[in-house]
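Novice: This is the structure I want to talk about, given as structure tokens.
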Ligand code: NDP
């Protein structure tokens, strides 16, 4: 006998602010949402220290407790949370098929994509080697910073993430070398000020990484000044990469419209994708704002769009049934 495929009304992929907010709204609309966590339950905010700009937290909040609050609220509304990663989809036909962890198939009337984005790496072989063997290359100061207490480290990048990482590390490490490829930072003015006035942070402007040094563990980084061509070695024990993110949308290639970076394209003023009944929200779809609060906002929109789509579909089906009876 062939296995019965589970059918659900509303499947949500991803547990960042977008996914949980979509779940809260979908549950309240009685869509009985099921949410799959993805590899990092809680999303990128699980790797963030202080969130000072999310409304409703006047004293700021840690990323981890904030995502715990999102989760509790989604659960209290009736969301079922499951562990698993969506690995492929088949969006042929009205009923959408999503495969979880390469094996379990689910049929969903609506799918909300809230898979977010992941940290980018420089792509150097030495970075890869020392990342894979746990030798001191990381993209998360909050997760790994404590290992480098009292040691010198480097942070690559000059956006808000890099600034946050550097400031976090500056509380633990005597020297935090910031490797910045231009002569200015992209980070917000307030973060720039904090970085530039921190006595433990040393700026290396117009500087690029050539190689992370060390066999088993990071021992230094070889950098080049892109104005003078001069190379130098900075002795460090930890190397943190904070150069932005890539949307987690590879598994949707060929099914959903996306831009050249992989960000999902939605219709104007909507979360609708090119496939009916499939909606996209959060960082998987937003290359411009990329904030927790905007992700939560588009998560809400996606649930409302899904609810309206289902109501219109159910109405059309009941009309068609009535017409068939009358005929
Ligand atoms: P960003 O894209 O804003 O910044 C990436 C940084 O990395 C830039 O300085 C960029 O340099 C640099 N970079 C990119 N590629 C390379 C490379 N190959 N080599 C060296 N440097 C490189 O990403 P973030 O992750 O910092 O931030 C993403 C969004 O999230 C932003 O909108 C940010 O404001 C927000 N955010 C907000 C936070 C908060 O409010 N608490 C915390 C963290 C992020 P260049 O400038 O030359 O392009």
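Novice: Just want to confirm a number: the relative contact order over the chain, from Cα pairs under 8 angstrom separated by 6+ residues, in percent.
Specialist: Taking the mean separation of contacting Cα pairs over the length of the chain, I get 20 percent.
Novice: A follow-up question, please. Evaluate the distance, in nm, between pseudo-label points positioned 7 Å from the Cα of residue 193 and of residue 219 along their respective Cα→Cβ axes.
Specialist: Spacing of the two 7 Å Cα→Cβ label points: 4.3 nm.
Novice: Could I ask something else about it? If you stretched the chain out fully between residue 4 and residue 151, how much longer would it get, using 0.36 nm times the residue separation minus the C-alpha to C-alpha distance?
Specialist: In short, 47.3 nm is gained.
Novice: Turning to a different aspect of this structure: With no solvent and one equal point scatterer placed on each C-alpha of the chain, evaluate the Debye formula and give log10 I(q)/I(0) for q = 0.14 Å⁻¹, two decimals.
Specialist: -1.07
Novice: Would you please put 177-184, 279-286, 112-119 in order of how densely packed they are, using the mean number of other Cβ atoms within 10 angstrom per residue and starting with the highest?
Specialist: My ranking of the peptides, most packed first, is 279-286, 112-119, 177-184.
Novice: Let me ask something else about it. So if R0 is 35 Å, what FRET efficiency would residue 200 and residue 103 give, r being the distance between their Cβ atoms, rounded to the nearest 0.05?
Specialist: For R0 = 35 Å, the calculated efficiency reads 0.15.
Novice: Could you order the peptides 143-149, 269-275, 13-19, 161-167 from most to least packed, using the average number of other C-beta atoms within 10 Å per residue?
Specialist: Descending packing order for the listed peptides: 13-19, 161-167, 269-275, 143-149.
Novice: While we're looking at this one, here's another question. Return the whole-Å distance between the Cα centroid of region 1-38 and the Cα centroid of region 77-121.
Specialist: 8 Å
Novice: Divide by every residue of the chain the summed helix terms, -39500 (n - 2.57) for each DSSP H run of at least 4, and state the resulting mean residue ellipticity at 222 nm, rounded to the nearest 500 deg cm²/dmol.
Specialist: -9000 deg cm²/dmol
Novice: Cut-off is 10 Å between beta-carbons; in what order do 132, 203, 191 appear when sorted fewest neighbours first?
Specialist: Neighbour counts put them in this order, fewest first: 132, 203, 191.
Novice: Points 7 angstrom from Cα along the Cβ direction at residue 315 and residue 287: gap in nanometres?
Specialist: It works out to 3.6 nm between the two label points.
Novice: I would also like to ask the following. Only bridges whose two residues both fall in the chain count here: according to DSSP, what percent of them are antiparallel, nearest 5?
Specialist: Rounded to the nearest five, the antiparallel share is 45 percent.
Novice: Using DSSP, restrict attention to beta bridges with both residues in region 121-241 and report what percent are antiparallel, rounded to the nearest 5.
Specialist: Roughly 45 percent of the DSSP beta bridges within region 121-241 come out antiparallel.
Novice: Now a separate question. What fraction, in whole percent, of alpha-carbon pairs in region 121-241 exceed 26 Å separation?
Specialist: 11 percent
Novice: Pop the C-beta distance of residue 75 and residue 171 into the FRET formula with R0 = 41 Å and round what comes out to the nearest 0.05.
Specialist: Taking R0 as 41 Å, the efficiency between residue 75 and residue 171 is 0.75.
A short reminder: the numbers here are calculations on the coordinates, not readings from a lab. Just so it is clear, the model here is predicted, and its values are computed rather than measured. Don't worry about glycine lacking a Cβ; one is built from the backbone with ideal geometry, like all the others, and counts go over all protein chains shown.
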